[in-house]
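Enquirer: Questions regarding the structure given below will be posed in turn.
What follows is calculated from the coordinates using simple rules that are stated; it is not laboratory data. Keep in mind that what you see is a predicted model, and the values were worked out from it rather than measured. Every residue, glycine as well, gets a Cβ built from its backbone with ideal geometry; the counts of neighbours run over all protein chains shown.
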Amino acid sequence: VEENLDLFQRMRAGEFEDGSRTLRAKIDMAAANMNLRDPALYRIRRGAVHHQTGDAWSIYPMYDFTHPISDALEGITHSLCTLEFEDHRPLYDWILDNISIPCHPRQIEFARLNLEYTIMSKRKLTQLVEEGHVEGWDDPRMPTIAGLRRRGYTPTAIRDFCNRIGVTKSDGTVEMGVLEASIREDLDRTAPRRMAVLDPLRVIITNYPDGQEETLLGPNHPKDESMGSRELKFSRELWIDRADFREEANKKYKRLITGGEVRLRNAYTIICQKVIKDVSGEIKELHCTYDPNTLGRNPEGRKVRGVIHWVSALAAIPTEVRLYDRLFTRAQPDASKDKPFQDFLNTDSLKVSSAMLEAALAQAQPGERFQFEREGYFCRDTKAAQSGELVFNRVVTLRDSWGKG
């Protein structure tokens, strides 16, 4: 014992080279569980720089030695680990039984969470960060708590997801749709409604008085009157989404066409009378007329094609909107034996839109979540807000349309 203590003190003092000495537990070299065959407890790492203690130490404990002691010192009652630690539990218990500490945590193992279209390995996530595929550990595409929080996921949604998938001893992969369904259901109940035009197309209402602006009311939530309403500015010039107009379309197309009539959400009906194009043939703006008798009621004797969202050009807020999608194109990107997981990165996992937002969104708080009507759920980016920028991240689409074209 004295000789071993002397050698250990000399290891601590940095007298020996790396690999020349180790401190091992004397248990049973004939044990059926190889983790009990006199496992190493400390090894020499001269020159290693620790993020807290610098280079003050030249010896470092092994994980199997540190794990139970750290749990006991912190008063952990149940240490939850993935299945690969099941064979290490006898050593975990042996160490606790042979040290002077009042707390004896219990280690319980369960299957690792694997989620489609992402990776959960910390080593591989580190590669994504270090290789610049994402902007950091809090990138909204990362399956980290920091990433999910910045994306706009709520604690309620994450807890609901955990309840849905449960705890199991069998390895498996959970569909991304399960996680997305949890946040959709939560935000459908709690997120105020707002209008945002992600791909703006200008509309001129030719029979609306030039320079006039009126204030309309829109409900904050169609299913919850207690959430109240907000003011919407209406004027001669509006923005609609470019995808909401076609010059010609069949009857299944329920949006605006030349000569067709649609309702503007919470406002009037309009009919497209004329299409203005630039020299390249791209549609520049639409000239429409409105029916002043259709605020809050249907037009008499005719049926409108559908309802579209809009923003007043006079009150619109130009804003960057980030459309986040799944990080990988393959459900299990690290399952290939022939290609590295980086080969399956989704190049369209982030698209940036120069959008026009309704005026009420100027008051959005960092991290506050909304439903952009007919577009999806969004939240104000907390990182951009630190420098005063108004940027919105897409949390999730209104419905699961992944892989459906």
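Enquirer: Calculate, for K223 and K339, the FRET efficiency according to 1/(1 + (r/R0)^6) with r their C-beta to C-beta distance and R0 41 Å; round to the nearest 0.05.
Expert: Numbers: r = 46 Å, r/R0 = 1.13.
The formula returns an efficiency of 0.35 here.
Enquirer: Could you work out how much longer the chain between T82 and R246 gets when fully extended? Use 0.36 nm per residue separation minus the Cα distance between them, nm to one decimal.
Expert: Details: separation 164, 0.36 × 164 = 59.04 nm, distance 5.37 nm.
Here the segment from T82 to R246 would lengthen by 53.7 nm.
Enquirer: Separate question: How far apart, in nm, are two points set 7 Å out from the Cα along the Cα-to-Cβ line at D348 and at V275?
Expert: A separation of 2.3 nm, rounded to one decimal place.
Enquirer: Additional query: Counting other Cβ atoms within 10 Å of each Cβ, which trypsin sites (Lys or Arg not before Pro) in the range 187-288 have at most 16 and sit in a DSSP loop? Could the numbers behind the result be given before it?
Expert: Values: sites: R189, R193, R194, R202, K223, R230, K233, R236, R242, R246, K251, K252, K254, R255, R263, R265, K274, K277, K284; in loops: K223, R236, K251, K252, K254, R255, R265.
Loop-located and lightly packed - K223, K251, K252, K254, R265.
Enquirer: What nm distance separates the two modelled labels at D97 and K383, each placed 7 Å from Cα along Cα→Cβ?
Expert: A separation of 4.8 nm, rounded to one decimal place.
Enquirer: Nearest 5 is fine: what % of DSSP beta bridges in the range 2-110 come out antiparallel, could you say?
Expert: Counting only bridges with both partners in the range 2-110, antiparallel ones make up about 60 percent.
Enquirer: Which entries in K252/K303; K122/K383; K251/K303; K251/K284; K124/K337 show an alpha-carbon gap greater than 20 Å? List each step's numbers first, then the result.
Expert: Values: K252/K303 14 Å; K122/K383 23 Å; K251/K303 12 Å; K251/K284 24 Å; K124/K337 15 Å.
Check vs 20 Å cut-off fails for K122/K383; K251/K284.
Enquirer: Oh, and also: Need one number: nm distance between label points at Q212 and I145, each 7 Å from Cα along Cα→Cβ, rounded to one decimal.
Expert: In this crude label model, Q212 to I145 measures out at 5.6 nm.
Enquirer: Turning to a different aspect of this structure: FRET efficiency for E131 and F110, Cβ-Cβ distance as r, R0 = 45 Å, nearest 0.05? Write out the running numbers ahead of the final one.
Expert: Values: r = 31 Å, r/R0 = 0.68.
Using R0 = 45 Å, I get an efficiency of 0.90.
Enquirer: Using the beta-carbon distance between V1 and C162 and R0 = 35 Å, what value does 1/(1 + (r/R0)^6) give for FRET efficiency, to the nearest 0.05?
Expert: On the way: r = 48 Å, r/R0 = 1.37.
So the FRET efficiency works out to roughly 0.15.
Enquirer: Among (i) 55; (ii) 36; (iii) 29, find the value of percent of Cα pairs over 32 Å apart that was calculated from the structure presented, and write down its label.
Expert: (i)
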